[in-house]
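Colleague: For reference, the structure I am asking about is given below.
The values are calculated or read from the model by the stated rules, or taken from the named source; none is laboratory data. Being a predicted model, the structure only gives us computed values, none of them experimental. Because the Cβ atoms are built from the backbone with ideal geometry, glycine has one as well, and the counts that use them run over all protein chains shown.
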């Protein structure tokens, strides 16, 4: 069943008024389709622009050699620490989530090694420290 919209209005006198093509029904679906066809390029640009902005914001800078490492959600803290150690890094801070740590390393291929080892995301730690409840690790693990 297709929805229709009348182009004129029904007057109190019983006839159609307010339109030159009195009483012609215009299908609503083709009008919505035409609206979508006109708006989809702008919607695509909006989505791509936001994705680029998020990616640029989260990209790790490596400033000071610190990186926030986000492992798969099912990883325990020992598994996450092993992931960082396997990539030849050290743990700088741990938080409330077992699968998120702040790692420290100065070697060039550290981020690539983390991804190869199974890390889901490696981001700048400034965006994670305030949200995930990180506390400094005591004892010289660095």
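Colleague: Considering each residue of the range 37-55, count those that are over 25 Å from residue 119 (Cα atoms) and either loosely packed, with under 10 Cβ neighbours inside 10 Å or within 21 Å of the chain's Cα centre (by Cα) (or both), and give that number.
Modeller: Final tally of qualifying residues: 11.
Colleague: Scan the range 52-100 for residues that are on the phi > 0 side of the Ramachandran plot, touching a residue at least 40 places away in the same chain (Cβ under 8 Å) and not in a helix (DSSP H, G or I) and report the count.
Modeller: 1
Colleague: Oh, and also: So which residues in the range 106-129 are out of contact with any strand residue (DSSP E or B) (no Cβ under 9 Å at 6 or more places or on another chain) and farther than 17 Å from residue 63 by Cα?
Modeller: If the condition is that a residue be out of contact with any strand residue (DSSP E or B) (no Cβ under 9 Å at 6 or more places or on another chain) and farther than 17 Å from residue 63 by Cα, then 113, 116, 117, 118 are the ones that fit.
Colleague: Might you check whether a residue that is modelled with pLDDT of 75 or more and exposed (fewer than 10 other Cβ atoms within 10 Å of the Cβ) occurs anywhere in the range 56-66?
Modeller: The answer is yes, given that some residue of the range 56-66 is modelled with pLDDT of 75 or more and exposed (fewer than 10 other Cβ atoms within 10 Å of the Cβ).
Colleague: Only one of (1) closer than 20 Å to residue 128 by Cα; (2) without any contact (Cβ under 8 Å) to a residue 40 or more places away in the chain is not met by residue 105, so which one is it?
Modeller: The number of the failed condition is (2).
Colleague: On the given criteria, is residue 49 modelled with pLDDT of 85 or more and either assigned by TED's automatic domain parsing to the domain that holds residue 115 or more than 30 Å from residue 81 (Cβ to Cβ) (or both)?
Modeller: Answer is yes for this residue.
Colleague: Hey, another quick one. Would you tally the residues in the range 85-105 being within 24 Å of the chain's Cα centre (by Cα), over 13 Å from residue 62 (Cα atoms) and surrounded by 14 or more Cβ atoms within 10 Å (Cβ to Cβ)?
Modeller: Counting residues in the range 85-105 that are within 24 Å of the chain's Cα centre (by Cα), over 13 Å from residue 62 (Cα atoms) and surrounded by 14 or more Cβ atoms within 10 Å (Cβ to Cβ) gives 7.
Colleague: Do you know which residues across the range 106-124 are in a loop (DSSP other than H, G, I, E, B) and surrounded by fewer than 17 Cβ atoms within 10 Å (Cβ to Cβ)?
Modeller: 106, 107, 108, 109, 118, 120
Colleague: Taking the stated definitions as given, is residue 103 outside any loop (DSSP other than H, G, I, E, B) and out of contact with any strand residue (DSSP E or B) (no Cβ under 8 Å at 6 or more places or on another chain)?
Modeller: no
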